[in-house]
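The values are calculated or read from the model by the stated rules, or taken from the named source; none is laboratory data. As the structure is a computational prediction, the values presented were derived from the model and not from experiment. Cβ: placed from backbone, ideal geometry, glycine included. Neighbour counts: every protein chain shown.
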Amino acid sequence: MNEIKKALNESPAARWGILLLASFTMAANYYFYDALSPLQQLLQEKLQFSATNYGFLVSTYSIPNTFLCMAVIGGIILDRLGIRRTGFSFVAMMTIGALLTAYGASDAFHVQHGIGYNFFNSFLTDYSPELKMMSLGFFLFGLGAETSIVVINKIIVKWFNGKDIAFAFAVNLAIARIGTAMALIVSPKLVSETQWNKPIWFAAFFMCLGFLVFLVYLMYDVKLDRQKQIKVSLDETEVFKFSDIGNLLKNPSFVFITLLCVTFYSAVFPFLKYAPNMMQNKFGFSADMAGTIASILPFGTVIFTPIFGWLTDNKGYSASVMILGSALLILVHLTFTFTNITPYVPMFVLGIAFSLVPAAMWPSVAKIVDTNKLGTAYGLMFSIQNLGLWAFPILIGLVLDKTNSHITPEMLEKGTATYDYTYAILMLVVLGCLGLLFAFLLRKADKTSGYGLDLPNKTK
């Protein structure tokens, strides 16, 4: 009798090994995305960026996914062409963008006026060539990064659906956020008198390593498809139709979970871009200490996201967990706005909030949307999410410049002035309130839709 061989995804060791490979690439993505956060003041001092310039640079990440709908297009491409071709293309794009961003901050470009400097200095002369080159790089990085996250989400569904899917999503997020935490801690430590831009180059090379690791994953993806005799071809159910997007937007549960996604993430990621600088200005911490305190948030998610993922897999309560996380987010920003409580406490609570909502939200999408349309659904969510990730870094920078108009880069460098973040953070409180409303509406809609978001995810 012939022995029946199990597919790779039936082996727990293989599944979790694959998850580590995919998560490493996502951690490299997160590391580069957050590597600039502790360097805001250095960018203002060395490259003469204003707070608005910094906000614009950060927001360029989201431009392709907001205005060009690249995350949606990437999701459609993913559903049509599969994980391998889509993943390779967009992770490569992300890596190229990271290298260009680092080049824009390099001495070769800034001091020696290297390749491209004269071109970038020939237009929009109110903005520096460094800002334009770094923004181009961050634009390309964002173009690849959001679709690569969609790809990794579909990888997790492919290998874990019907098993420990929420726990797998949670572990993936936890590993990715180690990347964020390390960026906040390591970036300021790599700065030296002669190489202030060293942390940006380090982040870019780390992204290159993430690309190489993704290539290793692709070999296992080929093997799994061969075992299951899956051909990369399209049947009638896989062909994209514009009505797919329309059907998603007619689904109240999908609409509410998407609106929760954009409001919640817009109140966290842009905040984290400015958090180290806020710690320096409001509490008087050094750049090193400010980055370390800000890292409490991602380190908190490393601990709590897998716990809440296990909870929603085995006990359920996903819709209720999203409500609790949204409420904690509001509490944290109110604390930063109106009190001088040591930032260790609210950052820790924000880490809990940022574990609760994603641990419950991303696996819930797999209940709401058919598997063969997940790429489109995740892509649409990421594009709408990126509208907030584009707008709010700029808005925070504008509010800071308007409410601190008397402060110059020279005053900051000498330590004779500090930014007041009160109105900037209060704006995020409003976002948190909207997110809480959408979380309640999601749970209400689930009572009639029958998706069972408060039921356990694990089926066997």
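Here are the numbers for the structure shown:
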read-out: Any hit, the range 19-35, residues being at pLDDT 85 or above and in a loop (DSSP other than H, G, I, E, B); value: no
read-out: The range 316-334, residues that are in a helix (DSSP H, G or I) and touching an Asp or Glu at 6+ places or on another chain (Cβ under 8 Å); value: SER318, ALA319, SER320
read-out: Lone qualifier among GLY87, GLY75 - being in contact with a Ser or Thr (Cβ under 6 Å, 6 or more places away or on another chain) and in contact (Cβ under 8 Å) with a residue 12 or more places away in the chain; value: GLY75
read-out: Listing of helices (runs of 4 or more DSSP H) fully contained in the range 100-218 that carry 3 or more residues being touching a helix residue (DSSP H, G or I) at 6+ places or on another chain (Cβ under 6 Å) and farther than 30 Å from ILE307 by Cβ; value: 129-160
read-out: Inter-residue pairs, beta-carbon under 6 Å, first within 11 Å of LEU212 (Cα to Cα) and in the range 14-25, second acidic (Asp, Glu), 6+ apart; value: none
read-out: Tally, over the range 279-304, of residues that are surrounded by 24 or more Cβ atoms within 10 Å (Cβ to Cβ) and either out of contact with any Pro (no Cβ under 7 Å at 6 or more places or on another chain) or not in a helix (DSSP H, G or I) (or both); value: 4
read-out: Failed item, numbered, when THR422 is tested on (1) modelled with pLDDT of 85 or more; (2) buried (at least 21 other Cβ atoms within 10 Å of the Cβ); value: (2)
read-out: Residues within the range 25-58 that are out of contact with any Asp or Glu (no Cβ under 9 Å at 6 or more places or on another chain) and of a type in the set (Val, Ile, Thr), tallied; value: 2
read-out: Qualifying position, being over 16 Å from ASN172 (Cβ atoms) and buried (at least 20 other Cβ atoms within 10 Å of the Cβ), among LEU311, LEU334, LEU324; value: LEU311
read-out: Output for the range 425-458, where each listed residue is surrounded by fewer than 18 Cβ atoms within 10 Å (Cβ to Cβ), part of a loop (DSSP other than H, G, I, E, B) and in contact with a helix residue (DSSP H, G or I) (Cβ under 9 Å, 6 or more places away or on another chain); value: GLY452, LEU455, PRO456, LYS458
read-out: Filter result for ALA359 (among the aliphatic types (A, V, I, L, M), modelled with pLDDT under 90 and more than 21 Å from PRO252 (Cβ to Cβ)); value: yes
read-out: Tally, over the range 387-404, of residues that are in a helix (DSSP H, G or I) and either among the polar types (S, T, N, Q) or without any contact (Cβ under 8 Å) to a residue 60 or more places away in the chain (or both); value: 3
